Structures are given as structure tokens and as C-alpha cells.
1. Quick check: is even one residue across the stretch 32-42 without any contact (Cβ under 8 Å) to a residue 60 or more places away in the chain and not in a loop (DSSP other than H, G, I, E, B)?
2. For Glu548, indicate whether it is modelled with pLDDT of 85 or more and outside any strand (DSSP E or B).
3. Would you call Leu271 within 15 Å of the ligand (Cβ to nearest atom) and modelled with pLDDT of 95 or more?
4. Can you pull out the residues in the stretch 600-632 that are surrounded by fewer than 15 Cβ atoms within 10 Å (Cβ to Cβ) and either part of a strand (DSSP E or B) or of a type in the set (Phe, Trp, Tyr) (or both)?
5. Determine whether the stretch 582-589 contains at least one residue that is touching a strand residue (DSSP E or B) at 6+ places or on another chain (Cβ under 9 Å) and in contact (Cβ under 8 Å) with a residue 60 or more places away in the chain.
6. Being outside any loop (DSSP other than H, G, I, E, B) and at pLDDT below 90 is the filter here, so list the residues in the stretch 579-599 that pass it.
7. Looking at the stretch 203-247 only, could you name the residues that are under 24 Å from Val31 (Cα atoms), touching a Leu at 6+ places or on another chain (Cβ under 6 Å) and in contact (Cβ under 8 Å) with a residue 40 or more places away in the chain?
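The values are calculated or read from the model by the stated rules, or taken from the named source; none is laboratory data. Treat the numbers as computed from the prediction; the structure is a model and nothing was measured. Note: ideal-geometry Cβ built from the backbone for every residue, glycine included; neighbour counts use all protein chains shown. Note: areas computed on protein heavy atoms with side chains; ligands, DNA, RNA excluded. Shrake-Rupley method; radii C 1.70, N 1.55, O 1.52, S 1.80 Å.
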Amino acid sequence: MAYYITTPIYYVNAKPHLGHAYTTIVADSLVRFHRLLGNATYLVTGTDEHGDKICRAAKKAGQSPLEFTDSISAEFRALWPKLNIKYDRFIRTTAPEHMRVVQSFLQRVYDAGDIYFGEFGGHYCYGCERFYTEKELENGLCPQHLNTPEFIREKNYFFRMSKYLKWLKEYILARPDFIRPERYRNEVLAMLESGVLEDLCISRPKARLSWGIELPFDTNFVCYVWFDALFSYLSALDCPDGEKYREFWPGEHLVAKDILKPHAVFWPVMLKAAGLPIYEHLNVHGYWLARDAKMSKSLGNVLDPVQLCDRYGLDPVRYFLLREMHFGSDASFTDENFITRTNADLANDLGNLYSRVLSMNAKYFNSLCPAPGREEAEEHSLRSLVSNTLHNYIQLFPKMYFSQALESLWELVRALNKYVDSQAPWLLYKEGKNERLGTVLYTLLEAMRKIALCLWPVMPDSAVAMLEQLGQKIPAGSGPFPRILEEEADSWGTLVQGTSLASASNLFPRMECETPKTAVSERISQKTLKTDVQILNEPVNTGNLSFEDFKRVEIRIGTVALAEKHPDADKLLRLEIDLGEETPRQIISGLAEHYAPQMLLGRQLCVVANLSPRKIRGLVSHGMVLTVPFEKGLALLGPSGPVPNGNLVT
Ligand code: MSP
């Protein structure tokens, strides 16, 4: 099968930012995902270089439009490889081959009688490069740019869009996933509901603007930027005669909500009028906000993707963008969100799984992949979880449910960490149960291999590193792979006994949040904590500690089996910690400001195990987690490698 995906072609009036990077990373991940399904893929991105907006920006920079567009277009082009984005074609609207395609379609639609000459007065927004009707303005302002558009009356060419209203409505109604997610489909249907679709002004008189593609049937006019830009999706395939066009059209488009109308209304109608097949899907995402605000130069909060990758690493950024945003809704980028999410998911859940399993395998099997022995109920259920997870992932990912697909993969990662805890390979080793130990480690390693493959579209470099640690390679070459993902979902046992594996792994180092806490907030938090605590059995104060007394303090290692927010206190977490006793202990701890509950799951910590129970905000705490406060936060104490739960710290 052929899979064609496009990003918008970006305006060159400003430098690329995190929003542009998001769309293009999503496109790259989709293409990589489809390659794992065995599909031939084609990814197009590029730059939109004509029109008023660009002309004005060039003037401001003291350059000719061409000099200006050359330099910013090159910045976009240079950015994508830094983000590990592999596009197949970068299309510029100033390229002669693109201009020829636009002109040939203009002529075709003109000859078919769908373009006419007329006079029109409208409110023109230079930012949007379009006319607004009275009704579309909000309190007289452009709804996008919140400025007052200029009223312009002039003679122009118009595209008979109105003629296609009924057709478009029926087309969308008949195809539930033509525009997705559904909220944007509904938005478009509501636009069409009014029963009016105005004809589209598709020219600008050269007297006012000459930086554009000349109309083939009237050299006094240039083409309206949107009529020019949308055709880039076809010129990038060398439509109408190119091989790529025959192989890949119709494909899918990826855009944010800001350009819904041109893509959902103008574009299908333009294709219909030109007698071409309509695209398959329009995938519409929300906006990345810098904290809660729209990114803007004037607010100085524009997020630079390269700076973020330099600070945090490329793959954690790619992962965060896909995991944090629910495709279709807005999402907010803050350092705290970023660090919390990546520490929990990457450093803790995934990184920890790799690190503990590989180091145990080094110790118990000399870093060679063990042979699995007889499988028991735990392995059967884990294997069916692996298969279900992969099937789920394959369903969700190509429909733009990236966050949900990754969450479902992480349920598997967490289940594997729990399996380590419940099977306690260190005990099996101690007890000499070698066959069982081999089964447990093999099950983990094989599942980890499948997880790495699933992650290749999202974190290509890390996935390659993970596979290498397991003695595997991602199949080389740029061509499609033979249906890897689907086969992986239904098979088991690819990892070969005796394969040499890495003896250690440190894929995603933990990060500390750099946001300094103010002394005041620190004081307040300590004060509230103190008043929150109600001592049940006041211990006797014996003054200085003798060694004997110190030895009475029982510090034990425990694994966090459950972590959740305290129902009544923002700063507290309720933990259940497995100390090797019959049931896990409930411990209430003031960690909530520093750790999201999921960051703690499966982690081994030092616990003061013989403290008198005390009630903290209504819940009894049977012990205390040891921490080290420092200027940037709160560090946790724990063993450097896995040890049996309940072991005493001496
Ligand atoms: N040139 C037109 C598109 C023509 S396509 C035939 C254009 N260019 S743009 O430079 O303004 O890019 C808009 C696109 O950039 C959005 O649709 C989205 O893909 C991306 N984003 C820009 N800001 C964004 C956010 N804050 N958040 C997420 N994506 C954003 O419109």
C-alpha cells in the first residue's frame, strides 16, 4: 500500500518554532510507522512563499522577496534533519515546476467555466491574506489576528465555490473520518449548515501585489496565495503525469486548527472543480501553548525546537510532543510538564526496565540471552498482554491517537516492571531456580524488543539503541519493511538464545526541574506539613543518639507498589510500599510537589520501617520514605541496583 502525508507548507515570514516542529515530527512518525507496516511512503513538506505577508516581511528585512524567501526557506529545510525528520520532497511555491502546475490548473478550471471576473468589496486582513465578510468579523476585528481589516473594493477573478456547497456537504456527511477528529468535522459541517458558501476571490491585481504566480488567462493579476499553496500537495508529486502522483495520490494532510477552512472547504472543492480525486483524510490538531499562552514574538514566548532538543535531547522532545498532546486539543508546554512526564515515562518506567533487566541478565547469564523454560500462568497472561498491546498500538497510531497508543504501550512497560517485582529474579537466582530464572528474563527481553520496535517511529535513535542493547538491528535501508509490526503482534520467540546483550543500560537519565523554589514557598510547605501531622505515639526524646540507639532505626528497602495523590492534601502522596511483608505498607509522604505518582511506581526506596505509626491528614502512615532536600528539589534514596524487598540498610 502507498501512504502519502503532507505537512502545511509553512510561511517564510518567520522562523520555525515548536508548532511547526510538532506537525512535521508527527508526519515523520506516521511515515516511519507506515514503513513498519510494510507500506511505501512519501512525506512532503515545504514553504509557502508568495503573497502580501511575505512581501512585507522581506521589505522589513531590507531584502528582495526572493532573497528573503531563500534564506528563511533554507532555515526550515535545515531544521528537519536536526529533528530526525526524513522528508521525501521539500516543495517551495516559488519553484518553477510548482508554478507550472498551478497555472495549468487555473487554466483548466477557467476553461471549465468555474472562474469568472467580477467586482467585490470586502474586509481584507493582510495577516490571513483573505477577505472577510461582515458576518465573519468579531466586533469588526479579524478573528485570527484581532486587528481591523482594511476595506478594499476591486475587480478580481472569482472561483465558483458556491456551486459546490451541496456536493461538499454530502461528501463530508458520507465519510465519517474524512476530517478528523470529529470536533473539526462538526465545525466544518456547522460552517456549511448556513446554506451559503461564498465564491472565493482567487486573484490580486498586480498593481497592488506582484509577488505571486501570474494568472495564465490575465497577466494583470497574480494568484491568491491559498489557491497557489494548496496545489503544492500535487506539484510535489509532479501531478498530473508524474510517477509519484500515480503511486501516492490521494493521500492525507496534517494541519492545525488555524487552517481548517482552506483545507476542509476550499481544497476539496478545488480538486472537484479540477476533476481530480479528493484527498483521503484531513487530520487536524490543536495548538501548542507556551504554558497557557499562545506563542507570539511580542510576548517573547516562542519555543525554539532546537534549543529544547539541545537542553533535553531530541527523542525525549519527540516523545513528549506525541504523548502529551491529545491530537485535536491544545496542549501546554512547560519545563515542569516536560520533566515530570519524561522522568516518569522514560527515565523511570522504560529506562529502569531496560537497566534492571539487562544488569540482572549480565549477572545471572553473563549477558547472553537465556533459554526460556516452561511457561506458567504469569507468562501466558503477559504474552497475551503483549499481543493485545501491539494490536491496539497498530489500531490507534495511524488514526492519530498517538497519546493513547503510547499510554497503552506504557501499560505494558509498567506491567513488565511489576512482573520483575513479582517474580523477583534475584530470589530465583539465590534459590538456584535457573530454568525459571531463564523463563522470566527471556519473557522480559522478548517483550522489551517488541516495545523498542513500536517506539522506532516516535524515538528513532533511542529505539535503535534499545535494539542494539538486545543484539538486534532495525532492518536497514529506506524501503518499506516487511509488515514488521503486524507480525510482531502475533509472534513470539524471535530473540535467539545465546545472543550477546548489553550488560548495562542508561537510556534516559533523570532530569531535575530547574525552576527554583522560593524560600517562602519552601517555608509554607514545611509549615503546612508540620501542622498536618498528628503524632499517635510520641517517641521518647533521648537526646544524643548512641550507636545502640541508631541501630534501633530500621531502614529497609521497599518497592512502590501503588502511588496516588492524597485525597485531602496537595503536597502529599499515598504510597503502598512492598517491604517483603504479607501486605504492602501504607506510607504518607510529602513528595507530591516533586514527583508525579507514576514516577514512583516500581521504584525501590529506603524506608524507615519501625517508626511509630502517625496519622497524616486523616491517613495513617506506617513508616517514612527517606529523601534529601536540596535547592532544586527533593532526591530519593534507594539502592543502586535491584535488591530484595525488605532487606535492611546497614
Ligand atoms: N502557509 C500556510 C499553510 C499553507 S498549506 C497549503 C500556513 N503557514 S504557517 O506557517 O502559518 O503554518 C501553520 C501551521 O504551522 C499550522 O497549521 C500547524 O501545522 C503549525 N503550527 C503553527 N503554530 C502552531 C502551534 N502553536 N501549535 C501547533 N502547530 C502550529 O498557515
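1. The answer is no; no qualifying residue exists.
2. For Glu548, the condition - modelled with pLDDT of 85 or more and outside any strand (DSSP E or B) - is not met.
3. It is true that Leu271 is within 15 Å of the ligand (Cβ to nearest atom) and modelled with pLDDT of 95 or more.
4. Within the stretch 600-632, Lys615, Val620, Val628, Pro629, Phe630 meet the criteria.
5. No - not one qualifying residue is present in the stretch 582-589.
6. Pro597, Gln598, Met599
7. Lys244
To keep it simple, each residue is scored yes or no on (1) in contact (Cβ under 8 Å) with a residue 60 or more places away in the chain; (2) at negative phi.
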| site | (1), (2) |
| --- | --- |
| Ala561 | yes, yes |
| Leu573 | no, yes |
| Gly602 | yes, no |
| His622 | no, yes |
| Gly641 | yes, yes |
